[in-house]
1. Looking at (1) of a type outside the set (A, V, I, L, M, F, W, C); (2) at pLDDT below 85; (3) surrounded by 13 or more Cβ atoms within 10 Å (Cβ to Cβ), find the lone condition where Asp372 falls short.
2. I need a count of the residues in the stretch 335-360 that are over 20 Å from Val411 (Cβ atoms), over 39 Å from the mean Cα position of the chain (by Cα) and assigned to a helix (DSSP H, G or I).
3. Is there a residue in the stretch 287-298 that is surrounded by fewer than 11 Cβ atoms within 10 Å (Cβ to Cβ) and of a type in the set (S, T, N, Q)?
4. Please go through the stretch 336-371 and pick out each residue that is among the hydrophobic types (A, V, I, L, M, F, W, C), under 13 Å from Glu382 (Cα atoms) and in contact with a strand residue (DSSP E or B) (Cβ under 6 Å, 6 or more places away or on another chain).
5. Would you please name the residue that is farthest from Gly343 (Cα to Cα), looking only at residues in the stretch 375-384 that are modelled with pLDDT of 90 or more and open to solvent by less than 10 Å² (accessible area, probe 1.4 Å)?
6. State whether the residues of the stretch 113-122 include one that is under 17 Å from Thr177 (Cα atoms) and either open to solvent by less than 50 Å² (accessible area, probe 1.4 Å) or at pLDDT 60 or above (or both).
7. With the checklist (1) modelled with pLDDT of 80 or more; (2) basic (Lys, Arg); (3) touching a Leu at 6+ places or on another chain (Cβ under 9 Å) in hand, flag the one item Arg285 doesn't pass.
8. Restrict the check to the stretch 178-188 and report whether at least one residue is among the hydrophobic types (A, V, I, L, M, F, W, C), at negative phi and modelled with pLDDT of 75 or more.
Amino acid sequence: MTQPPRRFPGRLFPQSLGGQLLAMLLLALAITQGLGLILLTDERNRAVRAALGLETAGRAANVALLLDEAPTDLWAQILRSADSPLVRFSVGPVADATNDIADAALFLQQIRAILGQPEREVLANIRARVVPPFGPADGVPMAMRRMHDAMMADHAEQVELRLSIRLAGGDWLNVRTMFVRPGLQLSPRALLPLLLMVVAVALVAWWTARRVVGPMRALALGADRLGRGLDTNPLPLTGPSEVRDTTQAFNHMQDRLTRFVAERTHMLAALSHDLRSPLTAMRLRIEMLDETDDSIRLKALVEEMQAMVEATLEFARGVAKTEPAAATDLAAMLADLVADVGGNRATLAPSPPLTATIRPNALNRALRNLIDNALRYGRVAEVSLTEDQGFAIITVADKGPGLPADQLEAVFEPFVRLESSRNRDTGGVGLGLAIARTIIHAHGGTVILRNRDDGGLCATVRLPIGAA
């Protein structure tokens, strides 16, 4: 029995080609858009910090020029006026900043451009992850304090810029500013393009999957019908070029197989039919002979040949599969078959109605052969019908001697007889099981034989309910 196809691991991952294509495209879109958003946010943060730093450098240079020209008793008032929630100014004899030109070269260039000549000493450095930030400056309006609190809230990472500018009198103007890293900002305007992209990708993926999956699904259904021997019209050539080429190859294969099976079946039926006439003539001539041992043996041989011809014709009819399929109640069909074949030696276990699409006469012939075999070799036939995951399971069990394990498959071959006598009433011609398996396979089903643990043989037929 063929194994079911392996599926992609993970219950949430779609199993269809269209679903997998859509999932992979959306995943790729989410990854690329996420990385793009991260890079864009980082660049924006760098631009914001650079702009704030340059603005602070310009303010510091202007305050230094103002302090050089103002009397010292006004310095406190000037510094207090220059303070803001994120920038603090102070004057002292010691520089707060260190000489870290690599990180603050841009700010130093801005300050020296404003200070002009003569060139004075300027120190600057930048430090990251300064915690905690300083509080609002004294005298800052309440509205600015609220803005300061909002900007500093829930930010664990800050960047501190320190500037120290030598004043004309020898003291140092120390400037400390705190930049907070802006958080991820997702506005409806930012989400709208992403939503539009998702919708566009989903539509394209759906259209592509439908264009590819539709012909592939039709191809799978056609292959299934061909495997069950049903008439199938040539499939339309649609979809991408690769799918069209595959469909065209399938149509050619279907045509060749159908003609091959039809020719062989017709040839077999014609040969069997043509043998009837000479066999009938031989039988009539034998009847006219005197009854001797030779005439009796000759008559038995002719009758055996006649039985083989009839069985071959029946086998050919089973292969031909000309009967149309129809929805049939398997339980009712088995009940009629058991009553007709077995009398009180065949029983059917109670089973609910089970409708399947089958060729009724052909399947009836196959099941009749199985029941006849059970009655002939096992004295009784115990028949049951169950349903299992879309399949009808029919079992025919007997209480006979069973079969050797190495012969359970061989008995399905045409003209194979394990009964050693030539008596047609006990051994048949060896086509009953071959006919049964041919018909059941034509329905897309399987039939296997196994020896029962408590003695006897059991034939298990597994038919798809939607077969034929």
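1. With (1) of a type outside the set (A, V, I, L, M, F, W, C); (2) at pLDDT below 85; (3) surrounded by 13 or more Cβ atoms within 10 Å (Cβ to Cβ) applied to Asp372, the lone miss is (2).
2. So the count comes out to 6.
3. yes
4. Val338, Ala346, Leu348, Ala349, Leu370, Ile371, listed by residue number.
5. Among those residues, the one meeting the criterion is Val383.
6. yes
7. Condition (3) is where Arg285 drops out.
8. Scanning the stretch 178-188, I find no residue that is among the hydrophobic types (A, V, I, L, M, F, W, C), at negative phi and modelled with pLDDT of 75 or more, so the answer is no.
The values are calculated or read from the model by the stated rules, or taken from the named source; none is laboratory data. Computed from a prediction, not measured in an experiment: that's the story for all the values here. With ideal geometry, Cβ positions are generated from the backbone for all residues, glycine too; neighbour counts draw on all protein chains shown. All accessible areas refer to the heavy atoms of the entire protein, side chains included, with ligands and DNA or RNA removed. Shrake-Rupley method; radii C 1.70, N 1.55, O 1.52, S 1.80 Å.
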